[in-house]
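**Q** Have a look at this one before I ask anything.
Nothing in this text is a laboratory measurement; each read-out follows from the coordinates by a stated rule. Bear in mind that the values here come from a model prediction, so they are computed numbers and not experimental data. Don't worry about glycine lacking a Cβ; one is built from the backbone with ideal geometry, like all the others, and counts go over all protein chains shown.
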């Protein structure tokens, strides 16, 4: 049987429980997922030669890491060719591309330093998202940036934030898609602090100054990301969830939740519904924490599926800015991108193929026995046949066929990088 013939069998089965598979396929094709550029070069970027700092660590030394903008763009193209659906590209500020002999520090960055990325995006008809880079820099003093007691340190990073808003607006104007600009800082303390309020007050003031510049809020969607702890700041994190959620609500920006940035027993899927009740939009960085914020490749696992279910069954597809965030230097980096992006879309497809209205009705009518039965039976419905059809209709390989292209690319391109 062909992929299409198998799909027709699945379509009939899903129709019996009130699920329109054609509609699910059409919806999924239009959901943008933002792919993070930093998987391709282990978060190194192009504006410094030093190591990663700020609680960020990429482990492994798999051959083929991108070393130049051209190599990174080629690897992104390779991944995009294997990933179905609508894609965006998520950039960090440390991926600025300078002309030979040129260097501009982060507080003086301009749109022109990202023109090659804009050209890349426009040629492919995709949008760009952006992140100020508050790590891996000499002006990260004692692990602090926007919360530093040193006014010169704070001024440098405030100007960096303002520069990134201007760059984000340029991205939006040039590509025609709003740019989500996410602020995350690594600030905190390794041991118990003597003052918890002061750093947060300085962080608040820094954010106020960054947001004081004139920008188009319909084009630049400023997000603020929390964290529970990190390497070197195990005892206290300035940008905690309580801080970021309250600041975002008070100042009309967007809360961003990374599902690796909470205590091990917390899950972002449970937070989404509450956030949707009080916010027009929310943003997500989907990752896979293993015991802590370890940024493993996204799998088609329970939490990824639950996150997707919450987005779909709460009619929040247009209200959730969806991006991935992980990096694994121990495996083929292009394969890591492809696996994670395809898994996020698999989770969304899985959610779209659920009889969500019927399940809600069962819950509201206290028909918990039938609800449990139906939820469990759904797990063995022929989801994979619909997924294969979706991939084929998007012009990308089905099942594991895409890995043959990865193997060829590794042999012909990645292995040649000394």
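**Q** Provide, as a two-decimal number, the C-alpha radius of gyration of segment 29-151 over 2.2 N^0.38 Å, N being how many residues it has.
**A** Details: Rg = 15.5 Å, N = 123, 2.2 N^0.38 = 13.7 Å.
That ratio works out to 1.13.
**Q** Looking at segment 147-285 only, what percent of DSSP beta bridges run antiparallel? Nearest 5 please.
**A** Percentage antiparallel, nearest 5: 20.
**Q** Over segment 185-288, what is the relative contact order in percent, taking alpha-carbon pairs closer than 8 angstrom and at least six residues apart? Write down the numbers at each step before the final one.
**A** Details: 131 pairs, mean separation 30.0, N = 104.
Relative contact order of segment 185-288: 29 percent.
**Q** State the antiparallel share, in %, of DSSP beta bridges confined to the chain, rounding to the nearest 5.
**A** 15
**Q** Can you tell me the 0 to 90 degree angle between the C-alpha axis of helix 151-175 and the longest principal axis of the chain, rounded to 10?
**A** Result, in degrees: 40.
**Q** If you take the beta carbon distance between residue 119 and residue 360 as r and set R0 to 51 Å, what does 1/(1 + (r/R0)^6) give as a FRET efficiency, to the nearest 0.05?
**A** With R0 = 51 Å, the Cβ-Cβ based efficiency is 0.65.
**Q** Top mean-square fluctuation among 211, 322, 256, Gaussian network model of the chain, C-alpha springs under 10 Å?
**A** 211
**Q** In whole Å and largest first, what semi-axes does the C-alpha gyration tensor of segment 263-372 yield when each eigenvalue is scaled by 5 and square-rooted?
**A** 27, 15, 14
**Q** Using a 10 Å cut-off on Cβ atoms, rank the peptides 130-137, 313-320 from the highest mean neighbour count down.
**A** Descending packing order for the listed peptides: 130-137, 313-320.
**Q** Counting alpha carbon pairs within less than 8 Å and at least 6 residues apart, what relative contact order, in whole percent, applies to segment 143-204?
**A** Relative contact order of segment 143-204: 49 percent.
**Q** Between 377, 102, 306, find the one with the highest GNM mean-square fluctuation for the chain; connect C-alpha pairs within less than 10 Å.
**A** Greatest mean-square fluctuation among the candidates belongs to 102.
**Q** Kindly express, to the nearest 10 degrees and within the range 0 to 90, the angle between helix 302-313's C-alpha long axis and the longest C-alpha principal axis of the chain.
**A** Roughly 80 degrees, rounded to the nearest 10.
**Q** Over the chain, what is the relative contact order in percent, taking alpha-carbon pairs closer than 8 angstrom and at least six residues apart?
**A** 21
**Q** Can you grab the distance from the C-alpha centre of segment 247-299 to the C-alpha centre of segment 132-166, Å, no decimals?
**A** Each part's Cα centre sits 24 Å from the other's.
**Q** Report the Cα centroid-to-centroid distance between segment 326-378 and segment 66-94 in angstrom, as an integer.
**A** 26
**Q** A further question on this structure: Take every DSSP beta bridge whose two residues both sit in segment 27-169, then give the antiparallel share in percent to the nearest 5.
**A** 10
**Q** Using the alpha-carbon atoms, what tilt in degrees (0 to 90, nearest 10) does helix 3-15 show relative to the longest principal axis of the chain?
**A** With rounding to tens, the tilt is 80 degrees.
**Q** Also: Among 344, 181, 372, determine the one that fluctuates most according to a GNM of the chain built with springs between C-alpha atoms less than 10 Å apart.
**A** It is 372.
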